[in-house]
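Please read the structure below before turning to the comments.
What follows draws every value from the coordinates through simple rules; no lab data is involved. Nothing here was measured: the structure is a model prediction, and the numbers come from that model. Heads up, the Cβs are rebuilt from the backbone with ideal geometry, glycines too, and the neighbour counts pull from every protein chain shown.
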Amino acid sequence: MAWLIREFGSDNEIEVSLRVIDLVIRKEDLWIRLKRFQTMFRRLRRDSLSFGASIVILGITLIALSAPLIAPYDPNATDANQAMLSVSRHHLMGTDIFGRDVLSRVIHGARVDLLVALVATIIALAISSFLGSLSGYAGGWLDHLLMRIIDTVMSFPSFILAMGITAALGNNLINVVIAIAITHIPIYTRLIRGEMLHIREMEYAEAARTVGNSRFRIIFYHLLPNCFPPVIVQATLAMGWAILTVAGLSFIGLGIQPPTSEWGYMTAEGATYIVSGEWWIFLFPGLAIMITVLSFNMVGDALRDILDPRMRGVR
């Protein structure tokens, strides 16, 4: 005990003991999270389709990050002499009505769609983590107030709400991110609140309170990380929905504006020319949306089966 007293700088043996218990709890929390991640990765590898989908997501992410290096042409460079060219050796996905290379625009479009979806998800998770944790742990009038606000937001269809927000604020990149984040906040907040209501009564939560941790530390250090397994599943699935929302808003003219390369707007441009035979303008951006969203959905479904014991062995 003497060396512990010297280590923590206190002569009070009870206080030193409580600090030791707190340190043990923190180390056990870290070890549990590490083992959970290792188990999740091993189980994901056993599902070949979902593991392949995760490789596709990784590949699309790498393409988006290296877009300026691997795109064969400037995505915004127009050339009237090259307009509406079909798939060829020089233009692997053809050109659009302005002579822009479709492959280059699809590659650069990946940056925009993934960036918007990722930033919107991070913002929604940050706000929802605070609101859901506070609501679930505190309870009482604060919980009722926050949940009624969440119910009000959820009463609007998500895509229509996103349309209204972008129409009111203006259709630019930042406002699209804000619109998608707002539509995601109620989902994450309810999910985190439900988990917090459960884990706040568990033994390790009581132990954290017993050793004298502050309410802030108990909520955001000990309890909140244990709420995230189902949130990870929801966030993965919501990434696909966010990409669809970006594409949908751009398709109807309320999202990312030209000349920025964006998959939804590219499909809107190409839809006009399907009947006349210029199928490639519509097809390749549409395939990019489909493959990316499908991959996120497959990975999210696999993570749900892995992280939820009730779903194991169902299929």
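At 1.306 mPa s and 10 °C, plugging the Kirkwood radius over alpha-carbon pairs of segment 156-219 into Stokes-Einstein gives what diffusion coefficient in µm²/s? Kindly include the intermediate steps, with their values, before the conclusion.
Details: Rh = 14.4 Å.
D, rounded to a whole number, is 111 µm²/s.
Counting Lys and Arg as +1 and Asp and Glu as -1, each charge on the Cβ, what is the dipole of segment 107-201 about the Cα centre in debye, to the nearest 20?
80
I'd like the FRET efficiency for residue 154 and residue 198, computed as 1/(1 + (r/R0)^6) with the beta carbon distance as r and R0 of 22 Å, rounded to 0.05.
Values: r = 21 Å, r/R0 = 0.96.
Here the calculated transfer efficiency is 0.55.
What percentages make up the Cα-Cα pair-distance distribution of segment 103-209 when the bins are 5 Å wide from 0?
For segment 103-209, the binned pair fractions read 2, 12, 17, 18, 16, 12, 9, 6, 4, 2, 1, 0 percent.
Please name which of 224, 124, 297 has its Cα lying farthest along the dipole of segment 47-311 towards the positive end, using unit charges on Cβ (Lys, Arg +1; Asp, Glu -1) and the Cα centre as origin.
Checked the options; the winner is 224.
How much length, in nm to one decimal, is gained on full extension between residue 98 and residue 252, taken as 0.36 nm per residue of separation minus their Cα-Cα distance?
53.4 nm
Just the projected area, averaged over all directions, of the convex hull on the alpha carbon atoms of segment 165-315: how many nm²?
Computing the convex hull of the Cα atoms and averaging its projections yields 12.4 nm².
Extent of segment 125-185 along each principal axis, from alpha carbon coordinates, in Å, largest to smallest?
Each principal axis gives a Cα extent; for segment 125-185 these are 39, 22, 14 Å.
How long, wide and thick is segment 47-311, going by the Cα atoms along their three principal axes, in whole angstroms, largest first?
Extents along the principal axes, in whole Å: 75, 43, 30.
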